[in-house]
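> Sharing a structure, written as structure tokens. Questions coming.
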């Protein structure tokens, strides 16, 4: 079943059957005058609210006030107040807090920082972010659906039957286009290849 145009879709349930790129969701939200500067998961929630009769409008931003670089960081320091980045200063702070010598920010921390900044949440502290690291709190989750294409290509290339294609990435993209614009599961399988091999362009 081919994906219809957005203005032909009558419910969020119908909308959810299809795969939408983040850029497409942004375009839809902008065309409806809705908030569009969000992650893919949050954009889906904006569109769900729209189908339920609620409009989530764009937010006017205040410029964050950044404290001096020499100020000491503590668990009580506000994430926005200190001008948080994923740079060395903050990596060292979290390294000290966790005892992990080569500290790396995990994907939920990255998603959380993005959400805190988008919401201009001045109550959120570095201690809260530490709780995200330890899994004690949840604020925003990493959008794993963004990896569907990568997983699809990986599984496509693992299948020996796809070795017949000289340009495997192009073949995978052609098959992905069929899946993306349908209400099928957004996963690769050998059966999928067999069913649509006549439609693959490469």
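The values are calculated or read from the model by the stated rules, or taken from the named source; none is laboratory data. What you are looking at is a predicted structure, and each value in this text was computed from that prediction instead of being measured. Note: ideal-geometry Cβ built from the backbone for every residue, glycine included; neighbour counts use all protein chains shown.
> Quick one: is residue 198 in contact (Cβ under 8 Å) with a residue 40 or more places away in the chain, surrounded by fewer than 17 Cβ atoms within 10 Å (Cβ to Cβ) and not in a loop (DSSP other than H, G, I, E, B)? Talk me through it step by step, then tell me what you get.
On the way: in contact (Cβ under 8 Å) with a residue 40 or more places away in the chain: no; surrounded by fewer than 17 Cβ atoms within 10 Å (Cβ to Cβ): yes; not in a loop (DSSP other than H, G, I, E, B): yes.
Taking the combined requirement at face value, the residue does not satisfy it.
> Sticking with this one: Assess whether residue 33 counts as being in contact (Cβ under 8 Å) with a residue 24 or more places away in the chain, in a helix (DSSP H, G or I) and out of contact with any helix residue (DSSP H, G or I) (no Cβ under 7 Å at 6 or more places or on another chain). Working first, answer last.
Details: in contact (Cβ under 8 Å) with a residue 24 or more places away in the chain: yes; in a helix (DSSP H, G or I): no; out of contact with any helix residue (DSSP H, G or I) (no Cβ under 7 Å at 6 or more places or on another chain): yes.
Taking the combined requirement at face value, the residue does not satisfy it.
> Still on this structure, I have one more. Restricting to segment 120-133, and then to whatever is touching a residue at least 24 places away in the same chain (Cβ under 8 Å) and surrounded by fewer than 17 Cβ atoms within 10 Å (Cβ to Cβ), can you tell me which residue is farthest from residue 59 (Cα to Cα)? So that I can check it myself, show each step before the final result.
The first filter runs over segment 120-133 and keeps only residues touching a residue at least 24 places away in the same chain (Cβ under 8 Å), leaving 120-130, 132-133.
The next check asks that each one be surrounded by fewer than 17 Cβ atoms within 10 Å (Cβ to Cβ); those that pass are 120-123, 127.
Details: 120: 10, 121: 13, 122: 15, 123: 18, 127: 26 Å.
Going through the qualifying residues, I end up with 127.
> Does residue 97 satisfy the condition of being surrounded by 12 or more Cβ atoms within 10 Å (Cβ to Cβ), more than 21 Å from residue 36 (Cα to Cα) and modelled with pLDDT under 90?
Numbers: surrounded by 12 or more Cβ atoms within 10 Å (Cβ to Cβ): yes; more than 21 Å from residue 36 (Cα to Cα): yes; modelled with pLDDT under 90: no.
Criteria not met by residue 97.
> Could you list, in sequence order, the residues of segment 105-119 that are out of contact with any helix residue (DSSP H, G or I) (no Cβ under 8 Å at 6 or more places or on another chain) and loosely packed, with under 15 Cβ neighbours inside 10 Å?
Result: 107, 110.
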